[in-house]
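Visitor: One structure is given below, represented as structure tokens, and several questions about it will come after.
The values are calculated or read from the model by the stated rules, or taken from the named source; none is laboratory data. Quantities reported herein were computed from a predicted structural model and do not represent experimental measurements. Backbone-built Cβ (ideal geometry, glycine too); neighbour counts: all protein chains shown. For accessibility, only protein heavy atoms count, side chains too; no ligands or nucleic acids. Shrake-Rupley method; radii C 1.70, N 1.55, O 1.52, S 1.80 Å.
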Amino acid sequence: MADKITVLWLYPDILNLHGDRGNLMALERIGKLMELPVEVRRVDKLTDPLPLDEADLLVLTSGEVKNMPHVIDALRQEQAALDEYVARGGYILAIGTAGAVLAKETERLDGTSFAGLSLLPMRCQERAKVYGDDIWFSLCDDPQLKLMGNQIQVIDTELLEGAQPLGKLIYGYGNDGADDEGCQAGRIIFTNTLGPLLVKNPRYTERLLTALAADHGLAPGRQLSAEDTDYEDHSYQLIEQFIRKKMA
Amino acid sequence: MTRIKFLLALWLARLCRWAINIVAPGRGTNLPGQIALKIDHGFNGHFEGLDAGKVIFITGTNGKSTTTNLLAAILKEAGIPAAVNLEGANLEGGVAATLMAHSTLKGKLKCRYIVMETDERFLPVISRSLPPAWLCVTNIQKDQVQRNGEPDIIYRKIASAITEDTVLFLNNEEPNAASLSRLVKHSVFYGVDEHAKSFVKQGFFTTTMPCPVCGEPIRFYRYNVDNIGAFTCTGCGLKSSPAPAYFAHSINFADHTFAAEGQTYPLPYEAPYFLYCYIAAIAMAREIGIAKETIAAALARFVNIGGRLETLHTGGKTIQYIRMKQENPETLQSALDYISQDKSPKIFLLGLDELVDFHPHYTNTFYAFDCDFDQLIASHVEHYICFSGTVAYDAANRLVYAGVPKEQITVLPTNDDATIVAELAKYSCPNIYLITWLYKYKSLEKYLIEHEGEKDSTPSTAV
């Protein structure tokens with residue numbers, strides 16, 4: 001077993017929207033603060049091989065909806081290895097429109113649809129009108145941990161039978177304007193949250209890295225201190241005030 | 001019946017414009033047109049003397065206003081009457097109001113050409129009654145994501161307004177725009193040669209963009225402007241041409257000149273971004289048949305409306321304000337690149353604020369993660385100040401992620417002008433650069449006039 005956490009950053013030039021590369025910067029930076037060895041590796045082309053046997057976390061960031069079928073096709077080329085990766089408990093984090101990759105199906109505005117990898121029990125639908133707003137939610141598996149960010153809703157997500165949301169909304173639109181945000185099945189995670197998510201929510205990043213490290217028998221050299229996250233914490237407080245005014 | 005409806009719309013709209021001009025001169029750029037369209041939905045296509053072959057639209061994410069203004073100046077120099085929406089009223093109502101202003105009481109156009117800057121989102125609507133014979137697409141980039149979502153949404157809107165007979169004027173070095181040539185019989189490409197300010201990006205976290213044709217990554221050989229430059233797709237055959245029909249070359253920023261087709265042209269701007277506007281306008285003017293010498297004379301006299309750099313003074317210090325479009329990483333990057341060219345010690349004042357253009361208002365700063373700060377950091381910034389009511393810490397954190405130590409950053413979680421000016425007073429460095437929204441700049445300008453008698457706000461078009 002490798003003595004480092006390996007993150008595969010899938011198709012960064014293709015899934016290139018909303019500053020989401022910041023999430024990879026956050027994994028690297030916060031890993032460093034926690035004194036954990038984190039290596040981020042890029043997989044650039046759709047035809048490039050996926051070193052899934054060496055990976056601990058796959059990150060798919062926001063991209064144009066029209067490119068999701070290309071990404072899905074590329075991952076299907078590695079279906080057996082991907083199945084094995086999921087079976088051994090590999091993490092997958094899909095953000096924004098990349099949720100379409102993990103979903104069962106996505107219906108487009110022109111009436112066409114494309115199948116996803118069905119790794120999460122959810123269905124997506126392209127919206128006629130874009131919706132952008134802040135989002136604030138508590139995690140279902142740790143309600144004390146509240147995450148904040150933005151969302152640019154180009155596709156809505158319907159959770160199908162048996163699906164568990166990632167979080168419950170305090171404010172925002174989430175999957176479809178109801179109560180749920182994202183979806184999680186074990187170590188496969190989808191969220192609508194931009195920001196970038198892992199930059200603005202360092203405690204969540206810390207939690208994710210701690211879990212990834214544990215798989216390698218590694219323990220963080222240190223935990224994040226208040227000083228490490230003072231900017232993020234101040235930002236959270238200010239934006240909470242801003243959101244509460246919108247909620248009033 | 002159609003004619004009567006059109007004339008009724010025209011006259012009522014003219015009456016409205018007359019009334020507006022009494023109350024607020026110069027403000028009637030949109031409303032009269034909206035009234036006309038309310039009465040006659042096809043108003044823009046019902047003018048007498050409309051030559052369908054001489055309707056030119058200029059659209060795209062960035063650069064459409066300047067390109068439109070440049071072409072208007074050239075047409076004027078050539079003595080060719082044209083209806084142009086110079087005031088930037090680029091929705092259907094603005095187009096209607098402009099046409100109205102260039103017509104007789106009976107609705108006969110008094111111009112030979114119609115040249116309209118058109119909002120890319122509304123291009124399909126505007127084109128319905130007034131289809132352009134020529135369409136210039138400057139670029140299709142990330143912009144105002146709260147309503148535009150992703151570039152492909154805009155790409156599809158623009159594509160839906162194109163017929164195979166539309167003549168396209170396309171940016172050779174912007175992949176989205178360039179790829180539109182697949183949709184038509186005839187395209188005219190314009191481009192810019194490598195120059196002293198061209199650059200490459202090599203950082204691990206550098207991202208480019210997906211090919212609009214096949215979805216594989218685009219590779220830029222070098223950038224002339226952020227995300228614009230000679231490129232090739234790593235998957236299919238899409239690539240920029242090494243010799244587009246109109247090509248700005250021999251670019252000399254010291255002499256403020258460039259050449260195309262053997263003619264030397266003036267370029268008063270420092271920002272390479274303007275080269276694309278210039279060569280686009282030249283391409284269209286040349287295809288109209290205007291002589292190179294006439295174009296050069298027009299460009300020598302050209303003064304842009306609403307430049308992106310303005311200057312303020314406080315306590316013996318100079319604040320250079322660089323405007324950016326909200327939620328538009330390309331214009332933020334251009335502003336950062338401009339500041340980075342100044343290698344002297346400086347204070348960098350960053351006021352990214354919450355977004356209040358549309359409802360709901362929100363706190364997006366993620367576009368800053370699409371930008372690179374390395375060159376800025378390397379350009380001798382003595383201190384960074386981030387201010388805003390809500391997102392100052394997020395902006396500061398972007399700097400931290402770029403490698404700026406927190407000791408070099410002051411965060412002011414406020415938009416209060418007095419607080420900002422007081423903070424600036426703490427530093428001896430007289431060279432200050434400011435990036436913020438226009439309304440915040442105006443507020444700061446007003447404060448300085450009121451409190452320091454500062455009136456030397458010098459609009460400049462040098463950026």
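Visitor: Take the residues in the range B:210-224 that are farther than 25 Å from residue B:271 by Cβ and within 10 Å of chain A (Cβ to nearest Cβ), then tell me which one is most open to solvent (accessible area, probe 1.4 Å).
Guide: Checking each candidate, the answer is B:214.
Visitor: Right, another one. Looking only at the range B:220-239, decide whether some residue is polar (S, T, N, Q) and in a strand (DSSP E or B).
Guide: Kept after step one, since they are polar (S, T, N, Q), are these residues of the range B:220-239: B:224, B:227, B:232, B:234.
From what's left, in a strand (DSSP E or B): B:232.
Yes: the range B:220-239 contains one or more residues that are polar (S, T, N, Q) and in a strand (DSSP E or B).
Visitor: From B:140, B:114, B:162, grab the single residue that is β-branched (Val, Ile, Thr), assigned by TED's automatic domain parsing to the domain that holds residue B:41, open to solvent by 10 Å² or more (accessible area, probe 1.4 Å) and modelled with pLDDT of 95 or more.
Guide: From the options B:140, B:114, B:162, the qualifying one is B:162.
Visitor: Among the residues in the range B:348-368, are any closer than 17 Å to residue B:394 by Cα, part of a helix (DSSP H, G or I), within 14 Å of chain A (Cβ to nearest Cβ) and among the aliphatic types (A, V, I, L, M)?
Guide: Checked the range B:348-368: at least one residue is closer than 17 Å to residue B:394 by Cα, part of a helix (DSSP H, G or I), within 14 Å of chain A (Cβ to nearest Cβ) and among the aliphatic types (A, V, I, L, M).
Visitor: Inspect all residues belonging to the range B:370-378 and state whether any of them is of a type in the set (Gly, Ala, Ser), surrounded by 17 or more Cβ atoms within 10 Å (Cβ to Cβ) and not assigned by TED's automatic domain parsing to the domain that holds residue B:149.
Guide: no
Visitor: Kindly list the number of the only condition in (1) within 14 Å of chain B (Cβ to nearest Cβ); (2) part of a strand (DSSP E or B); (3) touching an Asp or Glu at 6+ places or on another chain (Cβ under 7 Å) that fails for residue A:109.
Guide: Result: residue A:109 passes all but (2).
Visitor: Still on this structure, please answer the following. Filter the range B:399-445 down to residues that are within 24 Å of the chain's Cα centre (by Cα), part of a helix (DSSP H, G or I) and touching a residue at least 40 places away in the same chain (Cβ under 8 Å) and give me whichever is nearest to the other protein chains (Cβ to nearest Cβ).
Guide: The residue in question is B:440.
Visitor: In the set B:227, B:252, which member is open to solvent by 20 Å² or more (accessible area, probe 1.4 Å) and within 14 Å of another protein chain (Cβ to nearest Cβ)?
Guide: B:227
Visitor: Then there is this: Among the residues of the range B:160-201, what is the count of those that are out of contact with any Leu (no Cβ under 9 Å at 6 or more places or on another chain) and within 13 Å of chain A (Cβ to nearest Cβ)?
Guide: Residues meeting the conditions: 2.
Visitor: Scan A:162, A:177, A:195 and give me the residue that is touching a helix residue (DSSP H, G or I) at 6+ places or on another chain (Cβ under 8 Å) and on the phi > 0 side of the Ramachandran plot.
Guide: So the residue among A:162, A:177, A:195 that is touching a helix residue (DSSP H, G or I) at 6+ places or on another chain (Cβ under 8 Å) and on the phi > 0 side of the Ramachandran plot is A:195.
Visitor: Go through (1) under 25 Å from the mean Cα position of the chain (by Cα); (2) within 14 Å of another protein chain (Cβ to nearest Cβ); (3) open to solvent by 40 Å² or more (accessible area, probe 1.4 Å) one by one and return the number of the condition residue B:388 breaks.
Guide: (3)
Visitor: Can you pull out the residues in the range A:9-42 that are free of Cβ contacts under 8 Å to residues at least 24 places away in the same chain and more than 11 Å from every other protein chain (Cβ to nearest Cβ)? Before the answer, list the steps.
Guide: The initial filter retains those residues of the range A:9-42 that are free of Cβ contacts under 8 Å to residues at least 24 places away in the same chain, namely A:28-29, A:32.
Passing the criteria: only A:32.
Visitor: Moving on. Checking residue B:293 against (1) more than 14 Å from every other protein chain (Cβ to nearest Cβ); (2) in contact (Cβ under 8 Å) with a residue 40 or more places away in the chain; (3) of a type in the set (D, E, K, R), only one condition comes out false. Which one?
Guide: Condition not satisfied by residue B:293: (2).
Visitor: Looking only at the range B:70-98, which residues are at pLDDT below 95, crowded, with 24+ Cβ neighbours inside 10 Å and farther than 22 Å from residue B:11 by Cβ?
Guide: If the condition is that a residue be at pLDDT below 95, crowded, with 24+ Cβ neighbours inside 10 Å and farther than 22 Å from residue B:11 by Cβ, then B:90 is the only one that fits.
Visitor: Considering (1) more than 14 Å from chain A (Cβ to nearest Cβ); (2) among the charged types (D, E, K, R); (3) in contact with an Asp or Glu (Cβ under 8 Å, 6 or more places away or on another chain), say which one residue B:287 fails and leave the rest.
Guide: Of the numbered conditions (1) more than 14 Å from chain A (Cβ to nearest Cβ); (2) among the charged types (D, E, K, R); (3) in contact with an Asp or Glu (Cβ under 8 Å, 6 or more places away or on another chain), the odd one out for residue B:287 is (3).
Visitor: For the range B:184-209, name all the residues that are β-branched (Val, Ile, Thr) and open to solvent by 10 Å² or more (accessible area, probe 1.4 Å).
Guide: Result: B:184, B:200, B:206, B:207, B:208.
Visitor: Which of (1) closer than 18 Å to residue A:61 by Cα; (2) of a type in the set (S, T, N, Q); (3) outside any loop (DSSP other than H, G, I, E, B) does residue B:206 not meet, given it meets every other one?
Guide: (3)
Visitor: So, in the range A:39-73, exactly how many residues are outside any loop (DSSP other than H, G, I, E, B) and under 23 Å from residue A:192 (Cβ atoms)?
Guide: Summing the residues that are outside any loop (DSSP other than H, G, I, E, B) and under 23 Å from residue A:192 (Cβ atoms) in the range A:39-73 gives 13.
Visitor: Which condition number in (1) open to solvent by less than 60 Å² (accessible area, probe 1.4 Å); (2) in contact with a Pro (Cβ under 8 Å, 6 or more places away or on another chain) is the one that residue A:41 fails?
Guide: It is condition (1) that residue A:41 fails.
Visitor: Residues that are aromatic (Phe, Trp, Tyr) and more than 9 Å from every other protein chain (Cβ to nearest Cβ), at least 1 per element: which helices (runs of 4 or more DSSP H) completely within the range A:146-248 meet that?
Guide: A:202-215
Visitor: Quick one: residue B:22 ticks every box in (1) of a type in the set (Val, Ile, Thr); (2) in contact (Cβ under 8 Å) with a residue 12 or more places away in the chain; (3) open to solvent by 10 Å² or more (accessible area, probe 1.4 Å) bar one, so which box is it?
Guide: Exception for residue B:22: condition (2).
Visitor: Tell me which helices (runs of 4 or more DSSP H) are completely within the range B:1-96 and hold 1 or more residues being under 30 Å from residue B:142 (Cα atoms) and touching a strand residue (DSSP E or B) at 6+ places or on another chain (Cβ under 7 Å), or say none if there are none.
Guide: B:64-77
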